[in-house]
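Any read-out appearing in this document is the output of simple, stated calculations on the displayed coordinates, not a laboratory observation. Keep in mind that what you see is a predicted model, and the values were worked out from it rather than measured. Don't worry about glycine lacking a Cβ; one is built from the backbone with ideal geometry, like all the others, and counts go over all protein chains shown.
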Amino acid sequence: MSYTIRPATLADVNGVTEVARHTWDVTYAQSLATHNRRQFLDRAYTTQTLREAISHERDWFFVALRGETVVGFAQYVRRFDAQGELVRIYVHPDHQRRGIGRGFLATGLAAIAATGIELCYVSAEANNAPARAFYERFGFRLHREYGRFLGDQIIQLVEYTAPISSLLDATDLATTTEKGTEQT
C-alpha cells in the first residue's frame, strides 16, 4: 500500500475533517465525553478554521494520501517563542502503523528546520499510551504535565520537546527522509 505525504491544499479540507472526526471518536472514546468531543470538533475543524490553518504562512500543514483520499494530516506551527510545535497529527485508524506518522515527523521537522527553528514541542493526552510511545520512540522527552479544559472536563496532558537536529538524526526518521515522502 502506497501513501504520499504533501503540503495540504484548500481542496483537502473535507478529507481532513472526515479523518479528524473518525479518529477522534476512536482515539478518545474512553477519555472524552461525546459532547465535549463534538463541541471541540465543531469548533476546531470548521471549513474556515482549516482554510486559515492551511493558508497561514507561519504554519506547515501536511496530508497523507492513499490515491486521492486523505488518510491523515499533521500541522506544525511557529510558536510565539520562535520554536516549533506539532499541534495536530492524526492518521485514520484503518491506515495506522504503516509509516505515515513517521513520514509526517520526517517531512514536518525537515520543513521547520529549514527556517532555522531548532526545538519542537508536542503534547498528548497523558493516558494515550500509543501516542506517548510514538513520540518517545523518536527521541521526544517529557518536558511537563498540565491540565486543560476541553468542554466541561479537565484533561491531563503531557508536553514533550526535543532538538530538531536530534530528531532528524533518529534512525527511523533519517531512513524516511532519504526515501522521500512516498510511504509503503
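For this structure, a couple of remarks:
- For the chain, built as a Gaussian network whose Cα springs stay under 10 Å, the top-fluctuating residue of THR47, THR34, THR115: THR115
- Full extension of the chain between THR69 and THR46 gives 6.4 nm of extra length, using 0.36 nm per residue less the Cα-Cα distance.
- Förster-model FRET efficiency, 35 Å R0, GLU118 and ARG21, C-beta, rounded to 0.05: 0.50
- Between GLY72, GLY151, GLY15, the Gaussian network model of the chain with springs among Cα atoms under 10 angstrom shows the greatest mean-square fluctuation at GLY151.
- Difference of contour (0.36 nm per residue) and Cα-Cα distance, ASN128 to GLN156: 9.1 nm
- The range 3-183: relative contact order as a whole-number percent, Cα under 8 Å and 6+ apart: 23
- Cα centroid separation - the range 1-35 against the range 45-94, whole Å: 10
- Axial C-alpha extent at least 18 Å, average Kyte-Doolittle at least 1.0 - helices from the chain (DSSP): 100-113
- Remark: the THR34-LEU142 segment gains 36.0 nm on full extension, using 0.36 nm per residue and subtracting the alpha carbon distance.
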